[in-house]
Amino acid sequence: MAASRYRRFLRLCEEWPVEDAKRQRDLAAVLRQRVAQAFREGENTPISDPEACDQMYESLVRIHTNFYKNKYPRLKDTTFTGVTVEDCRMILATDILKQMKDMKKGTWKRLREKFSAKTPEEDSK
């Protein structure tokens, strides 16, 4: 029975696309890591709580298939601020977030990082 659960999770991982714009923060990437951790022995992995495993799988399938988005359709595809889904995706991209983080730094800190031989991580230790 563990083999079929493992195959179902693998199939779900294959179907779930990885967004390159959200490096290290993408749900698909986290899902792949968690499946790899949970099924370390592959099909031979013993499952301590099969009901919880099945429930987790069903929940992930509902997220992947947009079950609730389809069940409760929205009248508009914008937020209360008027921002569209595409605008939100662009804002939440890793590169944009990094640029915004760099903009928040003060002038002194940016100059110090630019001319310092140490990396900022070493400097904060």
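The values are calculated or read from the model by the stated rules, or taken from the named source; none is laboratory data. The shown structure was predicted, so the numbers you read here are calculated from the model rather than taken from an experiment. Ideal geometry is used to build each Cβ from the backbone, glycine not excepted, and the neighbour counts take in all protein chains shown.
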| Does LEU27 meet the test of being within 22 Å of the chain's Cα centre (by Cα) and modelled with pLDDT under 90? | yes
| query | Are any residues in the range 38-61 of a type in the set (Ser, Thr, Tyr) and within 20 Å of the chain's Cα centre (by Cα), and if so, which ones? | reply | TYR57, SER59
| remark: If we keep only residues of the range 1-18 that are in contact with a helix residue (DSSP H, G or I) (Cβ under 8 Å, 6 or more places away or on another chain), at pLDDT 90 or above and among the charged types (D, E, K, R), then the residue surrounded by the fewest Cβ atoms within 10 Å (Cβ to Cβ) is GLU15
| query | Is there a residue being of a type in the set (Lys, Arg), outside the structural domain of ARG89 (by the TED database) and in contact (Cβ under 8 Å) with a residue 12 or more places away in the chain anywhere in the range 29-43? | reply | yes
| request: Output the helices (runs of 4 or more DSSP H) that fall wholly within the range 19-76 and possess 2 or more residues being basic (Lys, Arg) and surrounded by 11 or more Cβ atoms within 10 Å (Cβ to Cβ), or say none. | output: 27-38
